[in-house]
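Enquirer: One structure is given below, represented as C-alpha cells, and several questions about it will come after.
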Amino acid sequence: MVVRPYNDELKYLEKISDHCWRIKKGFQPNMNVEGCFYVNSRLEQLMLEELKNACRPGAVGGFLPGVKQIANVAALPGIVGRSIGLPDIHSGYGFAIGNMAAFDMDDPLSVVSPGGVGFDINCGVRLLRTNLYEKDVQPVKEQLTQSLFDHIPVGVGSKGIIPMNARDLEEALEMGMDWSLREGYVWAEDKEHCEEYGRMLSADPAKVSSRAKKRGLPQLGTLGAGNHYAEIQVVDEIFDKWSSSKMGIEEKGQVVVMIHSGSRGFGHQVATDALVEMEKAMKRDKIETNDRQLACARIHSVEGQNYLKAMAAAANFAWVNRSSMTFLTRQAFAKMFNTTPDDLDMHVIYDVSHNIAKVENHIVDGKERQLLVHRKGSTRAFPPHHPLIPVDYQLTGQPVLVGGTMGTCSYVLTGTEQGMQETFGSTCHGAGRALSRAKSRRNIDYKQVLGKLEEMGISIRVASPKLVMEEAPESYKDVTDVVDTCHAAGISKKCIKLRPIAVIKG
Amino acid sequence: MEVEFSKENFLLPEIKYEYLDHTADVQLHAWGSTLQEAFEQCGMAMFGYMTELDYVTVETCYEIEAKGDDIKGLLFHFLDELLFLFSAEPYLVGKKLEITKFDMDNLEIVCRCYGEPFELGKHPQGTEVKAITYSAMEVVQDVERSNFEVFVIIDI
C-alpha cells in the first residue's frame, strides 16, 4: 500500500456532488479506472477517519481502509466504469464490504475474484408478508418469538431439521429453489419473487469439493450466527404508496417477516477452496494485484470457470436454505394463529442476494456490453421495465431489501434508472459495521442492550450472549443514514420503512 | 481420523492467546516459546471463539494432517483442517492441541486434537467461524529470544 501523509492522500479524493466522492487514479498504483463512493456528511466523517487512522506511520497488523480497497479493486484487469463504494462500506477481505465492480466479459484479461463475492456466497435477505397487524401479534408476541426460535435452528453447531442425505444435497445444489418446490417446501409463486427465480442454471455440483459438501449437508436449513437473523417486523412508514401496494403492503402496522441468511459452511468452503486454487493460477498467468487478498483468475480460465460454477451451486444452496426457513416460519405462524400460511397470505415479497457475481448486460460508453458484475455487500437494484425483474414489479422497479441490525429499522427500496446508469444497478445492503466486535464487547453492556430492546418493545432470542454486544445497534452505522444517502443520490428510492418487534439470532 | 489416547497424566496447556480488534472480523494472536507452540495455541484460540472451552471435556482424540507451500500457507491449512473437524463429522471441539510432527523442511504438520463433539445444551454457542484468511497474517520468529507469535484474521 502507498502510505502518504493524510493531507497528501486527500488530494486524490474529490467531492463531486453532495453525496458522491471521486477517487482519482494514482491513489493506489495501477488503477485502470477511477473509484467513487457514496456518503452523506456523517458517513463521510467515518470514511475519512478510517483513512486517517491508516495513515499513521509505523502501524502494525492493521488493515486497509475501505477507500484504499476500492482503489485496489480499480486496479484489477478488465474492470469497466468505476469501482464503486456504497454508503454502508467497511473494510473487508480484499474487496471492501459494500463494494461493487464490473468486468468486461469480452476482454480476455478480465478476472473473477472470490473476494469480490465474499465468503458467504449469496448471503441475502428475504421478506415475507402477512395479512396480520401489530395488534394481532402483540398479545402473543413472546410465544410467537419463542416458537420461531424453536422452529428455526440458529447459532454455532446447530443442525438443520429438514431431512437431507448426500444425494438430496447434490440435487438441491443443481436445482436451487426448484428442489424446494419439488419437495414441497415452497410455493410456486415464491420463485417468481427471487433473483434468478431462485436457481442459477450455471451451477455444477461436480466443481464443488467434497469438503464443502460435508460442511454444507448438516447446515442446510439453519440460520447461522453473526449478523444473520430472522425478524418479525411491522410497517412503520410508507414512502411510496403505489409501489408498496404492488408488494401487498397496504398500510402501517402490517406484519412482515425478514430472513437474513446465506449459504452457511458450504459457501464458506467454496470460497476458501477457490482462493487457494486462484493463488496458483495468479502465479501461472502472472496476474499482479495490489493486495494478496485480491486473489482472482481470468474469467475464461479453468479456475475462473470452476469458481463461477461452484459459486452458482453455493447460490442455489443459499436459496434452498432461505426457502427451508421460509417453510419453518410459515409453520410457526400457522400453528400460532391456528390457520394456514395461505390464509395468512404469507407470500414472499422478494428475495435479494447481496454477495454474488452475475453476468449482466449494461450500457457502457453508449454500447451494450456483457459484464461480470461483482456485488459484495451490495444489492442489485434494477429499474422499472428491466427484463430480469418479475412481472409484478415491472412498473415499480425491483424491490431492494435492506436489513438493519438488531433493534433498528429495515427498509424496502426500489431500483431506479439513475442507479442503472451510475452504479450498474446496485445499491447498499445494510447498516455496515462501525465498531469492531472486540470493541463492542468491551464497551457495550449486555444488560443495557437487552434493557433497551425491551424498552423499545422488541422480543429477543439469541443463542450466543456475546453476540448481543457485538451486534448491538451502536456497533453499526445508522441504517437510516445509509438508506437516505442512496435515496438522495438517486441510486435507489425509499419505499417502506420496517420496525422490528421480535428478533431471533445465532 | 480418531486415535486412541490415555487420560492419565493428561495436562492442559496454559493459555497463550488473545483476541484483537478488527472491524468486521476477529484477529487471533497466539504465542509460545516455539513456533509449534504458537501454532497449537492459535488453533485453541479459534476453538475458544466458537464455544467456551471450560465447558469442554476431553473424551476423544482425532489426528489431522496439514501441508503448505510456505509457512503462512501451512498455518492457513492447519487452521482450515481444524475448522473442518468442527464443521462436519465429528463436530469436534479441540480443548487441547498437540502437534506431533512439525516438519518445517517439507512444511507438514500432524496434530492430535483432544476434546469432544459439540453438543447443544452442554456447550455455549459462541461465534461461528466462516473461514480462515491470509488477511494481515503474520508469523513472527525470534529464535534468539525464543519468542514466536502468529496473527490470523478469521472471518466471522
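Enquirer: Just a yes or no: is a residue in segment A:271-292 out of contact with any strand residue (DSSP E or B) (no Cβ under 7 Å at 6 or more places or on another chain) and crowded, with 23+ Cβ neighbours inside 10 Å?
Expert: Yes, because at least one residue in segment A:271-292 is out of contact with any strand residue (DSSP E or B) (no Cβ under 7 Å at 6 or more places or on another chain) and crowded, with 23+ Cβ neighbours inside 10 Å.
Enquirer: Could you tell me which numbered condition A:Gln269 fails, if it satisfies all but one of (1) more than 9 Å from chain B (Cβ to nearest Cβ); (2) in a helix (DSSP H, G or I)?
Expert: Every listed condition holds for A:Gln269 apart from (1).
Enquirer: Output the residue which, of all residues in segment A:154-168 that are facing chain B (nearest Cβ under 9 Å) and not polar (S, T, N, Q), is surrounded by the fewest Cβ atoms within 10 Å (Cβ to Cβ). So that I can check it myself, show each step before the final result.
Expert: Here is the first cut: in segment A:154-168, the ones facing chain B (nearest Cβ under 9 Å) are A:154-159.
Still in the running and not polar (S, T, N, Q): A:154-157, A:159.
Details: A:Val154: 24, A:Gly155: 24, A:Val156: 25, A:Gly157: 26, A:Lys159: 15.
For segment A:154-168, the residue satisfying everything is A:Lys159.
Enquirer: Go through B:Gln27, B:Gln41 for me and flag whichever is more than 13 Å from every other protein chain (Cβ to nearest Cβ), in contact with a Phe, Trp or Tyr (Cβ under 8 Å, 6 or more places away or on another chain) and either of a type in the set (A, V, I, L, M, F, W, C) or on the phi < 0 side of the Ramachandran plot (or both). First the steps, then the outcome.
Expert: Values: B:Gln27 fails: more than 13 Å from every other protein chain (Cβ to nearest Cβ).
Going through B:Gln27, B:Gln41 in turn, the sole match is B:Gln41.
Enquirer: Select from segment A:80-119 the residues that are of a type in the set (Val, Ile, Thr) and either surrounded by 24 or more Cβ atoms within 10 Å (Cβ to Cβ) or within 14 Å of chain B (Cβ to nearest Cβ) (or both) and write down the one among them that is farthest from the chain's Cα centre (by Cα).
Expert: A:Val111
Enquirer: Take the residues of segment B:84-98 that are surrounded by 19 or more Cβ atoms within 10 Å (Cβ to Cβ) and not in a helix (DSSP H, G or I): which is nearest to the other protein chains (Cβ to nearest Cβ)?
Expert: Only one residue fits best here, namely B:Ala88.
Enquirer: While we're looking at this one, here's another question. Looking only at segment A:239-254, which residues are open to solvent by 10 Å² or more (accessible area, probe 1.4 Å), touching a residue at least 60 places away in the same chain (Cβ under 8 Å) and either out of contact with any Lys or Arg (no Cβ under 8 Å at 6 or more places or on another chain) or of a type in the set (Phe, Trp, Tyr) (or both)?
Expert: A:Phe239, A:Trp242, A:Lys246
Enquirer: For segment A:182-197, name all the residues that are touching a residue at least 60 places away in the same chain (Cβ under 8 Å), open to solvent by less than 80 Å² (accessible area, probe 1.4 Å) and over 20 Å from the mean Cα position of the chain (by Cα).
Expert: Across segment A:182-197, the qualifying residues are A:Tyr185, A:Val186, A:Trp187.
Enquirer: Of all residues in segment A:386-408, which are within 17 Å of A:Glu422 (Cα to Cα) and surrounded by fewer than 17 Cβ atoms within 10 Å (Cβ to Cβ)? Lay out the reasoning, then the answer.
Expert: At the first step, the residues of segment A:386-408 found to be within 17 Å of A:Glu422 (Cα to Cα) are A:386, A:397-398, A:400.
If the condition is that a residue be within 17 Å of A:Glu422 (Cα to Cα) and surrounded by fewer than 17 Cβ atoms within 10 Å (Cβ to Cβ), then no residue fits.
Enquirer: Let me ask you something else. If the Cβ limit is 6 Å and pairs must be 6+ apart or interchain, which residue in segment A:6-17 that is of a type outside the set (Asp, Glu) pairs with which residue that is open to solvent by 60 Å² or more (accessible area, probe 1.4 Å) and part of a strand (DSSP E or B)?
Expert: A:Ile16/A:Arg22
The rows are residues; the columns are (1) within 14 Å of chain B (Cβ to nearest Cβ); (2) among the charged types (D, E, K, R); (3) over 20 Å from the mean Cα position of the chain (by Cα).
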site: A:Arg199; (1), (2), (3): no, yes, no
site: A:Asp204; (1), (2), (3): no, yes, yes
site: A:Arg215; (1), (2), (3): yes, yes, yes
site: A:Pro218; (1), (2), (3): yes, no, yes
site: A:Val235; (1), (2), (3): no, no, yes
site: A:Lys241; (1), (2), (3): no, yes, yes
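Enquirer: Could I ask something else about it? Take the residues of segment B:117-156 that are assigned to a loop (DSSP other than H, G, I, E, B), in contact with a Phe, Trp or Tyr (Cβ under 8 Å, 6 or more places away or on another chain) and of a type in the set (A, V, I, L, M, F, W, C): which is nearest to B:Phe86 (Cα to Cα)? So that I can check it myself, show each step before the final result.
Expert: Pass one, segment B:117-156, residues assigned to a loop (DSSP other than H, G, I, E, B): B:118-119, B:121-122, B:124-130, B:133-137, B:143-146, B:156.
Narrowing the set further to residues that are in contact with a Phe, Trp or Tyr (Cβ under 8 Å, 6 or more places away or on another chain) leaves B:118, B:122, B:124, B:126-127, B:129-130, B:133-137, B:156.
In the following step, the residues that additionally are of a type in the set (A, V, I, L, M, F, W, C) were identified as B:118, B:129, B:136-137, B:156.
Values: B:Phe118: 8, B:Val129: 10, B:Ala136: 24, B:Met137: 22, B:Ile156: 15 Å.
Within segment B:117-156, the match that is nearest to B:Phe86 (Cα to Cα) is B:Phe118.
Enquirer: Of B:Glu144, B:Glu81, B:Glu149, B:Glu116, which residue is open to solvent by 50 Å² or more (accessible area, probe 1.4 Å) and at negative phi? It would help to see each step written out before you state the result.
Expert: On the way: B:Glu81 fails: open to solvent by 50 Å² or more (accessible area, probe 1.4 Å); B:Glu149 fails: open to solvent by 50 Å² or more (accessible area, probe 1.4 Å); B:Glu116 fails: open to solvent by 50 Å² or more (accessible area, probe 1.4 Å).
Step by step, each of B:Glu144, B:Glu81, B:Glu149, B:Glu116 is checked, and only B:Glu144 is open to solvent by 50 Å² or more (accessible area, probe 1.4 Å) and at negative phi.
Enquirer: All but one of (1) at pLDDT 95 or above; (2) crowded, with 19+ Cβ neighbours inside 10 Å hold for A:Glu417; state the number of the condition that does not hold.
Expert: Unmet for A:Glu417, out of (1) at pLDDT 95 or above; (2) crowded, with 19+ Cβ neighbours inside 10 Å: (2).
For every residue, the table says whether it meets (1) touching a Ser or Thr at 6+ places or on another chain (Cβ under 8 Å); (2) part of a loop (DSSP other than H, G, I, E, B); (3) hydroxyl-bearing (Ser, Thr, Tyr); (4) surrounded by 21 or more Cβ atoms within 10 Å (Cβ to Cβ).
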{"position": "A:Ala206", "(1), (2), (3), (4)": "no, no, no, no"}
{"position": "A:Gly216", "(1), (2), (3), (4)": "yes, no, no, yes"}
{"position": "A:Gly224", "(1), (2), (3), (4)": "yes, yes, no, yes"}
{"position": "A:Glu237", "(1), (2), (3), (4)": "no, no, no, no"}
{"position": "A:Val256", "(1), (2), (3), (4)": "yes, no, no, yes"}
{"position": "A:His260", "(1), (2), (3), (4)": "no, no, no, yes"}
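Enquirer: Could you figure out which of (1) at pLDDT 95 or above; (2) crowded, with 18+ Cβ neighbours inside 10 Å isn't true of A:Leu43?
Expert: (1)
Enquirer: Looking for something more than 14 Å from chain B (Cβ to nearest Cβ), under 26 Å from B:His22 (Cβ atoms), surrounded by fewer than 24 Cβ atoms within 10 Å (Cβ to Cβ) and without any contact (Cβ under 8 Å) to a residue 60 or more places away in the chain - is there at least one such residue anywhere in segment A:57-76? Don't jump to the end; show me each part of the working.
Expert: Of all residues in segment A:57-76, those more than 14 Å from chain B (Cβ to nearest Cβ) come to A:57-58, A:70-71, A:73-76.
The next check asks that each one be under 26 Å from B:His22 (Cβ atoms); those that pass are A:57-58, A:70-71, A:73-76.
Keeping just the survivors that are surrounded by fewer than 24 Cβ atoms within 10 Å (Cβ to Cβ) gives A:57-58, A:75.
Retained after the next criterion (residues that are without any contact (Cβ under 8 Å) to a residue 60 or more places away in the chain): A:57-58.
Within segment A:57-76, one or more residues are more than 14 Å from chain B (Cβ to nearest Cβ), under 26 Å from B:His22 (Cβ atoms), surrounded by fewer than 24 Cβ atoms within 10 Å (Cβ to Cβ) and without any contact (Cβ under 8 Å) to a residue 60 or more places away in the chain.
Enquirer: Now for a different question. What tally of residues in segment A:448-469 results from selecting those that are free of Cβ contacts under 8 Å to residues at least 40 places away in the same chain and among the charged types (D, E, K, R)?
Expert: Looking only at that region, the number is 3.
Enquirer: Right, here's the next one. Suppose we filter segment A:6-43 for residues that are of a type in the set (Ser, Thr, Tyr) and not in a helix (DSSP H, G or I); how many remain? Break it down stepwise before answering.
Expert: Initially, segment A:6-43 is screened for residues of a type in the set (Ser, Thr, Tyr), giving A:6, A:12, A:17, A:38, A:41.
Those still in the list that are not in a helix (DSSP H, G or I) too: A:12, A:17, A:38.
Residues that pass the stated criteria total 3.
Enquirer: Something else: If you scan segment A:124-145, which residues turn out to be of a type outside the set (Val, Ile, Thr) and either more than 30 Å from A:Leu344 (Cα to Cα) or open to solvent by 10 Å² or more (accessible area, probe 1.4 Å) (or both)? Can you show your working first?
Expert: Taking segment A:124-145 first, the residues of a type outside the set (Val, Ile, Thr) are A:124, A:126-129, A:131-136, A:138-139, A:141-144.
Once the filter is applied, which keeps residues that are of a type outside the set (Val, Ile, Thr) and either more than 30 Å from A:Leu344 (Cα to Cα) or open to solvent by 10 Å² or more (accessible area, probe 1.4 Å) (or both), segment A:124-145 yields A:Arg129, A:Asn131, A:Leu132, A:Tyr133, A:Glu134, A:Lys135, A:Asp136, A:Gln138, A:Pro139, A:Lys141, A:Glu142, A:Gln143.
Enquirer: Looking at segment A:467-506, which of its residues are farther than 23 Å from A:Gly262 by Cα, open to solvent by 10 Å² or more (accessible area, probe 1.4 Å) and not charged (D, E, K, R)?
Expert: If the condition is that a residue be farther than 23 Å from A:Gly262 by Cα, open to solvent by 10 Å² or more (accessible area, probe 1.4 Å) and not charged (D, E, K, R), then A:Thr480, A:His487, A:Ala488, A:Ala489, A:Gly490 are the ones that fit.
Enquirer: For residues in segment B:1-24 being within 14 Å of another protein chain (Cβ to nearest Cβ) and among the acidic types (Asp, Glu), which is most open to solvent (accessible area, probe 1.4 Å)? Give the derivation first.
Expert: As a first pass, look at segment B:1-24 and keep what is within 14 Å of another protein chain (Cβ to nearest Cβ): B:17-24.
From what's left, among the acidic types (Asp, Glu): B:18, B:21.
On the way: B:Glu18: 71, B:Asp21: 56 Å².
Among those residues, the one meeting the criterion is B:Glu18.
Enquirer: If I ask for residues that are more than 14 Å from chain B (Cβ to nearest Cβ) and either open to solvent by less than 30 Å² (accessible area, probe 1.4 Å) or not in a helix (DSSP H, G or I) (or both), which ones from segment A:421-443 would you list? Walk me through it before giving the result.
Expert: Here is the first cut: in segment A:421-443, the residues more than 14 Å from chain B (Cβ to nearest Cβ) are A:421-428.
Scanning segment A:421-443 gives A:Thr423, A:Phe424, A:Gly425, A:Ser426, A:Thr427, A:Cys428.
Enquirer: Counting just the residues of segment B:44-66 that are more than 14 Å from every other protein chain (Cβ to nearest Cβ) and in a loop (DSSP other than H, G, I, E, B), which one comes out most open to solvent (accessible area, probe 1.4 Å)?
Expert: B:Glu59
Enquirer: Additional query: When A:Ala318 is evaluated against the numbered criteria (1) under 23 Å from the mean Cα position of the chain (by Cα); (2) without any contact (Cβ under 8 Å) to a residue 60 or more places away in the chain, which criterion, by number, is the only one it fails?
Expert: Going through (1) under 23 Å from the mean Cα position of the chain (by Cα); (2) without any contact (Cβ under 8 Å) to a residue 60 or more places away in the chain one by one, A:Ala318 breaks only (2).
Enquirer: Taking interchain pairs and intrachain pairs at least six residues apart, which have beta carbon atoms under 6 angstrom, with the first residue in segment A:298-313 and small (Gly, Ala, Ser) and the second assigned to a loop (DSSP other than H, G, I, E, B) and modelled with pLDDT of 95 or more?
Expert: Every condition considered, the pairs that remain are A:Ala310/A:Val208; A:Ala312/A:Met200; A:Ala312/A:Ser202; A:Ala312/A:Ala203; A:Ala313/A:Ala203; A:Ala313/A:Val208.
The values are calculated or read from the model by the stated rules, or taken from the named source; none is laboratory data. Just so it is clear, the model here is predicted, and its values are computed rather than measured. Every residue, glycine as well, gets a Cβ built from its backbone with ideal geometry; the counts of neighbours run over all protein chains shown. For accessibility, only protein heavy atoms count, side chains too; no ligands or nucleic acids. Shrake-Rupley method; radii C 1.70, N 1.55, O 1.52, S 1.80 Å.
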